[in-house]
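A.B. asks: Below are the structure tokens for one structure; questions will follow.
The values are calculated or read from the model by the stated rules, or taken from the named source; none is laboratory data. For clarity, every value in this text was computed on a predicted model and none was experimentally measured. As a convention, Cβ positions derive from the backbone with ideal geometry for all residues, glycine included, and neighbour counts pool all protein chains shown. Only protein heavy atoms, including side chains, enter the accessible area calculation; ligands, DNA and RNA are left aside. Shrake-Rupley method; radii C 1.70, N 1.55, O 1.52, S 1.80 Å.
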Amino acid sequence: MYSPTFSIITITYNASRWLEDTILSILNQSYPHIEYIIIDGASTDGTVDIIRKYASKISYWISEPDKGLYDAMNKGLQAATGDYVWFINAGDKLNATDIVQQIVEQIERLSELPDIIYGETSVVDENGELLGMRRLSTPEKLTWKSFRMGMLVCHQSFISKRTIAPLYDLKYRYSSDFDWCIRCMKKAETIYNTHLTLSNFLDGGLTTQQRKTSLKERYAIMSHYYGKITTSLLHLWFAVRFYYAKWIKGRV
């Protein structure tokens, strides 16, 4: 089978503390067909110096002001030319130096390249120490309806064919990735579970206000795709399950 090219895109802004580890996790991949793209939002903390250090191995990079995270991600999508697009942002890393090779070895056994490839995500702290696996369970079989239960696959472990990947909707400030994944899956004919841990996600944490805004956006997105009644009932169930788990924990 044709060996696909992966356009791996890193978005960064004033993240010099973590960026080099992210870059190296991609440049050190054993699989050769990788187009690496970095979109920087005009950083002032030395980030650009780090990018320049590896510029000869980076396919495309730019440092300029943007309108936020998802505007920068759209720039990355528009610059990409590979078969697949994969976002590994500053602070996040690929899980192993041969992880792309492992993916390719799996999909080469298929009759055609899948439209979407996904896997598991580990969570790390600011020092790169493993905190555990992501709380939400990755489904064995993923469809666009799966996200009724939340974002069951982390964006960093969600790989889409470039030809079906839309631009991010900029009306969402914190949850456009949730909407983007659903739109990708609605277009997809084949979705493939690697059963591999694909990425390490940096647990930076949102502020309380950002978290509230993000949850409101996700509720609006879920209502749009799955209906307001279904979404409301599911959120009621989420609340009951959360407080029941909290009550059980308090009794132990």
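A.B. asks: In the set Thr10, Thr81, Thr22, which member is at pLDDT 95 or above, of a type in the set (Ser, Thr, Tyr) and part of a loop (DSSP other than H, G, I, E, B)?
C.D. replies: On the way: Thr10 fails: part of a loop (DSSP other than H, G, I, E, B); Thr22 fails: part of a loop (DSSP other than H, G, I, E, B).
Going through Thr10, Thr81, Thr22 in turn, the sole match is Thr81.
A.B. asks: Right, next: Go through (1) under 23 Å from Thr190 (Cβ atoms); (2) over 15 Å from the mean Cα position of the chain (by Cα); (3) touching a residue at least 12 places away in the same chain (Cβ under 8 Å) one by one and return the number of the condition Ser111 breaks.
C.D. replies: So Ser111 meets the others, but not (3).
A.B. asks: Right, another one. How many of the residues making up segment 11-68 are more than 12 Å from Gly91 (Cα to Cα), open to solvent by 70 Å² or more (accessible area, probe 1.4 Å) and among the aromatic types (Phe, Trp, Tyr)?
C.D. replies: Counting residues in segment 11-68 that are more than 12 Å from Gly91 (Cα to Cα), open to solvent by 70 Å² or more (accessible area, probe 1.4 Å) and among the aromatic types (Phe, Trp, Tyr) gives 2.
A.B. asks: Can you say whether Thr5 is among the β-branched types (Val, Ile, Thr), more than 21 Å from Leu202 (Cα to Cα) and open to solvent by 40 Å² or more (accessible area, probe 1.4 Å), as far as the supplied structure shows?
C.D. replies: Numbers: among the β-branched types (Val, Ile, Thr): yes; more than 21 Å from Leu202 (Cα to Cα): yes; open to solvent by 40 Å² or more (accessible area, probe 1.4 Å): no.
No.
A.B. asks: Another question about this same structure. If I ask for residues that are without any contact (Cβ under 8 Å) to a residue 60 or more places away in the chain and part of a loop (DSSP other than H, G, I, E, B), which ones from segment 60-78 would you list?
C.D. replies: Residues satisfying the conditions are Glu64, Pro65, Asp66.
To keep it simple, each residue is scored yes or no on (1) in contact with a helix residue (DSSP H, G or I) (Cβ under 9 Å, 6 or more places away or on another chain); (2) of a type in the set (Gly, Ala, Ser).
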site: Lys141; (1), (2): no, no
site: Ala165; (1), (2): yes, yes
site: Arg173; (1), (2): yes, no
site: Phe201; (1), (2): yes, no
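A.B. asks: Now for a separate question. Is it the case that some residue within segment 80-102 is surrounded by fewer than 15 Cβ atoms within 10 Å (Cβ to Cβ) and either in contact with a Lys or Arg (Cβ under 8 Å, 6 or more places away or on another chain) or farther than 27 Å from Met185 by Cα (or both)?
C.D. replies: Within segment 80-102, one or more residues are surrounded by fewer than 15 Cβ atoms within 10 Å (Cβ to Cβ) and either in contact with a Lys or Arg (Cβ under 8 Å, 6 or more places away or on another chain) or farther than 27 Å from Met185 by Cα (or both).
A.B. asks: Could you list all residues from segment 36-57 that are of a type outside the set (D, E, K, R) and more than 20 Å from the chain's Cα centre (by Cα)? Walk me through how you get there before you give the answer.
C.D. replies: At the first step, the residues of segment 36-57 found to be of a type outside the set (D, E, K, R) are 36-39, 41-44, 46-48, 50-51, 54-56.
Once the filter is applied, which keeps residues that are of a type outside the set (D, E, K, R) and more than 20 Å from the chain's Cα centre (by Cα), segment 36-57 yields Ala42, Ser43, Thr44, Gly46, Thr47, Val48, Ile50, Ile51, Tyr54, Ala55, Ser56.
A.B. asks: Right, next: Show me the strands (runs of 3 or more DSSP E) entirely contained within segment 122-238 in which 2 or more residues are open to solvent by less than 30 Å² (accessible area, probe 1.4 Å) and on the phi < 0 side of the Ramachandran plot.
C.D. replies: Details: elements: 130-133, 158-161, 191-202.
Ranges flagged: 158-161, 191-202.
A.B. asks: Can you tell me which residues in segment 11-46 are free of Cβ contacts under 8 Å to residues at least 40 places away in the same chain, of a type in the set (Ser, Thr, Tyr) and over 22 Å from Lys161 (Cβ atoms)?
C.D. replies: Passing the criteria: Ser16, Ser43, Thr44.
A.B. asks: Kindly indicate whether any position in segment 26-44 is touching a Phe, Trp or Tyr at 6+ places or on another chain (Cβ under 8 Å), of a type in the set (A, V, I, L, M, F, W, C), within 17 Å of Leu202 (Cβ to Cβ) and in a helix (DSSP H, G or I).
C.D. replies: Yes: segment 26-44 contains one or more residues that are touching a Phe, Trp or Tyr at 6+ places or on another chain (Cβ under 8 Å), of a type in the set (A, V, I, L, M, F, W, C), within 17 Å of Leu202 (Cβ to Cβ) and in a helix (DSSP H, G or I).
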